[in-house]
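Below is one structure, written out as structure tokens; the observations come after it.
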Amino acid sequence: EAGVVQSPRYKIIEKKQPVAFWCNPISGHNTLYWYRQNLGQGPELLIRYENEEAVDDSQLPKDRFSAERLKGVDSTLKIQPAELGDSAVYLCASSLANEAFFGQGTRLTVV
Amino acid sequence: GNSVTQMEGPVTLSEEAFLTINCTYTATGYPSLFWYVQYPGEGLQLLLKATKADDKGSNKGFEATYRKETTSFHLEKGSVQVSDSAVYFCALRNQAGTALIFGKGTTLSVSS
């Protein structure tokens, strides 16, 4: 069975441009997370979905970040406009019970 | 609030040496505790977990015991291999489904 799939793996954009990341969770997993991992740090939660509902978005910078999970399956995370400080690895994870499975992440570089 | 503190890295060891990576936590209630590993160029993978006090998680020769009295979950391995070189993250979760809270990670480098 495929794991959590994210795309793209790498993205380089100029500041002030928009960018979007896509995540396909493991089939049947109703919980989906987006994390951001800065260099040399652990992942930090941006948003958590239970099915199609965002149940924890307290750490999402809503002025420039948005996310959606249509039909409770795939999810997209968008940044508009991107800033230099948004350079990081964006991780998607999904879970059914107590264990979370992570994708390989999208490494974003804002120049 | 909830938090996880790991020992600073990098940790550099020779093959077959003993490994300890310290992890302590602050949490309300009775969290589940995890160790994740990130090999170069790969995503985070669950290494082991423990869901209640005194539980011992183990996998691939690694072990960690949930110590509520010292709020610790130290990772140990008796004999490391070059292939164990990776970044190790300690994490906690208060309730099933809620987000994991990670430490900053500890880089392990094992040389032959």
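Residues in the range B:14-50 that are touching a Phe, Trp or Tyr at 6+ places or on another chain (Cβ under 8 Å) and assigned to a loop (DSSP other than H, G, I, E, B) were compared, and the one that is nearest to A:Glu44 (Cα to Cα) is B:Gly43.
Residue-wise test of (1) under 29 Å from A:Thr31 (Cα atoms); (2) among the hydrophobic types (A, V, I, L, M, F, W, C); (3) in contact with a Lys or Arg (Cβ under 6 Å, 6 or more places away or on another chain).
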site: B:Tyr39; (1), (2), (3): yes, no, no
site: B:Gln45; (1), (2), (3): yes, no, no
site: B:Phe73; (1), (2), (3): yes, yes, no
site: B:Ser85; (1), (2), (3): no, no, no
site: B:Cys90; (1), (2), (3): yes, yes, no
site: B:Gly103; (1), (2), (3): yes, no, no
site: B:Leu108; (1), (2), (3): no, yes, no
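For first residues located in the range B:84-103 and within 16 Å of B:Thr28 (Cβ to Cβ) and touching a residue at least 60 places away in the same chain (Cβ under 8 Å), partners that are among the aliphatic types (A, V, I, L, M) and surrounded by fewer than 18 Cβ atoms within 10 Å (Cβ to Cβ) and lie 6+ apart or on another chain with Cβ distances below 7 Å form the pairs B:Leu92/B:Ala27; B:Asn94/B:Ala27; B:Ala96/A:Ala97. The residues of the range A:1-38 that are more than 14 Å from every other protein chain (Cβ to nearest Cβ), within 22 Å of A:Lys62 (Cα to Cα) and assigned to a loop (DSSP other than H, G, I, E, B), listed by number, are A:Glu14, A:Lys15, A:Lys16, A:Gln17, A:Pro18.
Looking at the range A:40-55, can you tell me whether even one residue there is facing chain B (nearest Cβ under 10 Å), surrounded by 19 or more Cβ atoms within 10 Å (Cβ to Cβ) and in contact with an Asp or Glu (Cβ under 6 Å, 6 or more places away or on another chain)?
Filtering the range A:40-55 for residues facing chain B (nearest Cβ under 10 Å) gives A:40-48, A:50, A:55.
From what is left, the residues that are surrounded by 19 or more Cβ atoms within 10 Å (Cβ to Cβ) are A:42-43, A:45-48.
After this cut, where a residue has to be in contact with an Asp or Glu (Cβ under 6 Å, 6 or more places away or on another chain) as well, the list is A:47-48.
Among the residues of the range A:40-55, at least one is facing chain B (nearest Cβ under 10 Å), surrounded by 19 or more Cβ atoms within 10 Å (Cβ to Cβ) and in contact with an Asp or Glu (Cβ under 6 Å, 6 or more places away or on another chain), which makes the answer yes.
Every number in this text was worked out from the coordinates using simple rules, so none of it is lab data. What you see is a predicted model, and the numbers here were worked out from it, not measured in a lab. Every residue, glycine as well, gets a Cβ built from its backbone with ideal geometry; the counts of neighbours run over all protein chains shown.
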